[in-house]
Amino acid sequence: MEKLVDEGLVKSVGVSNFNVSQLERLLSVCRIKPAANQVELHPYLTQPELVEYCKAKGIVLIAYSPFGCPALPFPSGENSPVPLLENPTVNEIAQKHGKTSAQVLIRFHIQRGIATIPKSITPARIVENAEVYDFHLTRKEIQTLEGLDCNTRFIKWNLLGMETHQHFPFSDK
(Lines give C-alpha, C1' and ligand atoms only; values in the text may rest on other atoms or scores of the structure.)
Protein backbone atom coordinates (compact mmCIF):
# COMPACT_ATOMS: atom_id res chain seq x y z
CA MET A 1 0.00 0.00 0.00
CA GLU A 2 2.83 2.37 0.82
CA LYS A 3 4.36 1.67 -2.60
CA LEU A 4 1.09 2.80 -4.22
CA VAL A 5 1.40 6.13 -2.38
CA ASP A 6 5.06 6.41 -3.43
CA GLU A 7 4.10 5.80 -7.06
CA GLY A 8 1.35 8.44 -6.88
CA LEU A 9 -1.38 5.91 -7.61
CA VAL A 10 -3.22 6.68 -4.36
CA LYS A 11 -3.11 9.69 -2.07
CA SER A 12 -3.45 7.83 1.19
CA VAL A 13 -4.11 4.41 2.70
CA GLY A 14 -6.68 3.25 5.19
CA VAL A 15 -7.61 0.18 7.15
CA SER A 16 -10.83 -1.47 8.17
CA ASN A 17 -11.87 -3.20 11.38
CA PHE A 18 -8.56 -2.57 13.17
CA ASN A 19 -8.69 -2.50 16.95
CA VAL A 20 -6.20 -0.61 19.14
CA SER A 21 -3.66 -3.43 19.39
CA GLN A 22 -3.75 -4.00 15.62
CA LEU A 23 -3.25 -0.29 15.00
CA GLU A 24 -0.35 -0.20 17.45
CA ARG A 25 1.35 -3.08 15.64
CA LEU A 26 0.78 -1.44 12.27
CA LEU A 27 2.03 1.96 13.41
CA SER A 28 5.19 0.37 14.80
CA VAL A 29 6.20 -0.88 11.34
CA CYS A 30 4.56 1.36 8.76
CA ARG A 31 6.18 4.32 7.07
CA ILE A 32 2.87 5.90 6.07
CA LYS A 33 0.23 6.14 8.78
CA PRO A 34 -3.27 5.03 7.72
CA ALA A 35 -5.50 8.02 7.12
CA ALA A 36 -8.64 6.21 8.22
CA ASN A 37 -9.99 3.18 10.04
CA GLN A 38 -13.48 2.04 9.03
CA VAL A 39 -15.26 0.15 11.81
CA GLU A 40 -18.71 -0.82 13.02
CA LEU A 41 -19.78 1.99 15.33
CA HIS A 42 -23.17 2.95 16.78
CA PRO A 43 -24.64 3.65 20.25
CA TYR A 44 -24.76 -0.08 21.04
CA LEU A 45 -21.03 -0.36 20.15
CA THR A 46 -19.33 2.97 20.95
CA GLN A 47 -15.76 1.61 21.24
CA PRO A 48 -14.52 4.56 23.35
CA GLU A 49 -10.94 3.28 23.64
CA LEU A 50 -10.65 2.97 19.86
CA VAL A 51 -12.26 6.38 19.30
CA GLU A 52 -9.80 8.09 21.65
CA TYR A 53 -6.81 6.19 20.27
CA CYS A 54 -7.61 7.12 16.67
CA LYS A 55 -8.18 10.77 17.60
CA ALA A 56 -4.85 10.87 19.46
CA LYS A 57 -3.05 9.34 16.46
CA GLY A 58 -4.78 11.51 13.86
CA ILE A 59 -6.56 8.57 12.23
CA VAL A 60 -10.06 9.37 10.98
CA LEU A 61 -12.68 6.92 12.20
CA ILE A 62 -15.40 6.05 9.71
CA ALA A 63 -18.52 4.43 11.16
CA TYR A 64 -20.29 1.81 9.11
CA SER A 65 -23.64 0.42 10.29
CA PRO A 66 -24.43 3.61 12.24
CA PHE A 67 -28.06 2.46 12.58
CA GLY A 68 -27.15 -0.99 13.90
CA CYS A 69 -28.19 -3.18 10.95
CA PRO A 70 -31.90 -2.63 10.54
CA ALA A 71 -32.03 -4.93 7.49
CA LEU A 72 -31.08 -7.95 9.59
CA PRO A 73 -33.75 -9.84 11.50
CA PHE A 74 -33.55 -8.63 15.07
CA PRO A 75 -33.43 -11.17 17.88
CA SER A 76 -35.99 -11.22 20.61
CA GLY A 77 -35.04 -12.09 24.13
CA GLU A 78 -34.70 -10.51 27.49
CA ASN A 79 -31.06 -9.47 26.93
CA SER A 80 -31.49 -8.30 23.34
CA PRO A 81 -31.54 -4.56 22.72
CA VAL A 82 -34.34 -3.11 20.60
CA PRO A 83 -33.35 -2.04 17.07
CA LEU A 84 -31.58 1.34 17.28
CA LEU A 85 -34.05 3.07 14.98
CA GLU A 86 -36.84 1.97 17.34
CA ASN A 87 -34.99 2.64 20.61
CA PRO A 88 -37.21 4.80 22.86
CA THR A 89 -34.26 6.93 23.99
CA VAL A 90 -33.21 7.65 20.41
CA ASN A 91 -36.83 8.34 19.42
CA GLU A 92 -37.32 10.75 22.34
CA ILE A 93 -34.23 12.75 21.36
CA ALA A 94 -35.38 12.75 17.72
CA GLN A 95 -38.84 14.06 18.66
CA LYS A 96 -37.31 16.81 20.78
CA HIS A 97 -35.36 18.07 17.76
CA GLY A 98 -38.06 17.41 15.16
CA LYS A 99 -35.80 14.90 13.44
CA THR A 100 -35.82 11.19 12.63
CA SER A 101 -34.00 8.59 14.68
CA ALA A 102 -31.62 8.06 11.75
CA GLN A 103 -30.75 11.76 11.71
CA VAL A 104 -30.03 11.70 15.45
CA LEU A 105 -27.76 8.67 15.04
CA ILE A 106 -25.84 10.35 12.21
CA ARG A 107 -25.54 13.58 14.21
CA PHE A 108 -24.30 11.58 17.22
CA HIS A 109 -21.29 10.45 15.20
CA ILE A 110 -20.65 13.83 13.59
CA GLN A 111 -20.52 15.56 16.96
CA ARG A 112 -18.07 12.94 18.21
CA GLY A 113 -15.78 13.70 15.24
CA ILE A 114 -16.55 10.45 13.44
CA ALA A 115 -17.31 10.22 9.73
CA THR A 116 -20.41 8.14 9.05
CA ILE A 117 -21.57 5.94 6.20
CA PRO A 118 -25.34 5.46 6.51
CA LYS A 119 -26.74 2.95 4.04
CA SER A 120 -29.91 3.67 2.13
CA ILE A 121 -31.24 2.97 -1.33
CA THR A 122 -34.33 5.16 -0.90
CA PRO A 123 -33.78 8.59 -2.51
CA ALA A 124 -35.90 10.40 0.11
CA ARG A 125 -33.93 8.81 2.95
CA ILE A 126 -30.62 9.62 1.29
CA VAL A 127 -31.65 13.29 1.23
CA GLU A 128 -32.98 13.05 4.79
CA ASN A 129 -29.70 11.53 5.99
CA ALA A 130 -27.86 14.62 4.74
CA GLU A 131 -30.15 17.01 6.63
CA VAL A 132 -28.25 16.80 9.91
CA TYR A 133 -26.45 20.14 10.04
CA ASP A 134 -29.34 22.28 11.26
CA PHE A 135 -29.42 20.96 14.83
CA HIS A 136 -27.04 19.97 17.61
CA LEU A 137 -27.31 17.35 20.32
CA THR A 138 -26.61 18.54 23.84
CA ARG A 139 -23.71 17.07 25.80
CA LYS A 140 -26.29 15.30 27.97
CA GLU A 141 -27.95 13.78 24.88
CA ILE A 142 -24.57 12.58 23.60
CA GLN A 143 -23.86 11.02 27.01
CA THR A 144 -27.31 9.43 27.04
CA LEU A 145 -26.69 7.86 23.63
CA GLU A 146 -23.22 6.71 24.73
CA GLY A 147 -24.95 5.12 27.73
CA LEU A 148 -26.79 2.74 25.39
CA ASP A 149 -23.48 0.93 24.75
CA CYS A 150 -23.96 -2.78 25.39
CA ASN A 151 -20.93 -3.89 23.36
CA THR A 152 -23.17 -5.39 20.69
CA ARG A 153 -21.65 -6.01 17.29
CA PHE A 154 -23.99 -6.75 14.38
CA ILE A 155 -21.31 -7.65 11.84
CA LYS A 156 -18.98 -10.52 12.65
CA TRP A 157 -15.84 -10.97 10.57
CA ASN A 158 -13.95 -14.17 10.02
CA LEU A 159 -10.74 -14.85 8.12
CA LEU A 160 -12.64 -15.71 4.95
CA GLY A 161 -14.90 -12.67 4.87
CA MET A 162 -17.96 -11.14 6.42
CA GLU A 163 -20.65 -13.10 8.20
CA THR A 164 -23.68 -11.18 9.34
CA HIS A 165 -25.21 -12.04 12.68
CA GLN A 166 -28.37 -10.82 14.27
CA HIS A 167 -26.86 -10.01 17.64
CA PHE A 168 -23.28 -10.67 18.60
CA PRO A 169 -22.03 -9.37 21.95
CA PHE A 170 -18.30 -9.04 21.46
CA SER A 171 -15.25 -7.73 23.18
CA ASP A 172 -12.08 -6.60 21.44
CA LYS A 173 -10.13 -7.08 24.67
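The values are calculated or read from the model by the stated rules, or taken from the named source; none is laboratory data. Remember, it's a predicted structure, so these values are computed and weren't measured experimentally. Glycine gets a Cβ as well: all are built from the backbone with ideal geometry, and neighbour counts include every protein chain shown. What goes into the accessible areas is simple: the full protein's heavy atoms, side chains included, and nothing from ligands, DNA or RNA. Shrake-Rupley method; radii C 1.70, N 1.55, O 1.52, S 1.80 Å.
What's the ranking of 111-124, 38-51, 141-154 by average number of surrounding C-beta atoms within 10 Å, highest first?
The packing order, highest mean first, is 38-51, 141-154, 111-124.
Cut-off under 27 Å on the C-alpha distance; same-chain residues fewer than 8 positions from residue 99 excluded. Which lysines are left, in chain and number order?
119, 140
Which residues' amide hydrogens lie under 5 Å from the amide hydrogen of residue 153, considering only partners 5 or more residues apart or on another chain, with H built in the peptide plane?
Hits under the 5 Å cutoff: 168, 170.
Starting at the first residue of segment 11-22, write each ³J(HN,Hα) from the Karplus equation 6.51 cos²θ - 1.76 cosθ + 1.60 with θ = phi - 60°, in whole Hz, x for Gly and Pro.
For segment 11-22, the Karplus-derived couplings read 8, 7, 10, x, 10, 9, 6, 8, 8, 4, 5, 5 Hz, x marking Gly and Pro.
List, in order, the whole-Hz ³J(HN,Hα) value for each residue of segment 141-148 obtained from phi through the Karplus relation with A = 6.51, B = -1.76, C = 1.60 and θ = phi - 60°; use x for Gly and Pro.
Whole-Hz 3J(HN,Hα) from phi for segment 141-148: 5, 4, 5, 4, 5, 4, x, 7.
So what is the orientation-averaged projected area of segment 1-150, using the convex hull of its C-alpha atoms, in nm²?
Averaging across all directions leaves 10.7 nm² for the Cα convex hull.
Could you put 57, 99 in order of accessible surface area, largest first, with the 1.4 Å probe and the full protein assembly present? Display every interim value, and only then the final one.
Numbers: 57 90, 99 40 Å².
Most to least solvent-accessible, the answer reads 57, 99.
For residue 62, list long-range residues whose amide hydrogen, built 1.01 Å from N in the peptide plane, is under 5 Å from its own amide hydrogen.
It is 37, 38, 39, by chain and number.
Under a crude label model (7 Å from the Cα following the beta-carbon direction), how far is residue 17 from residue 56 in nanometres?
Label-label distance for residue 17 and residue 56, simple model: 2.6 nm.
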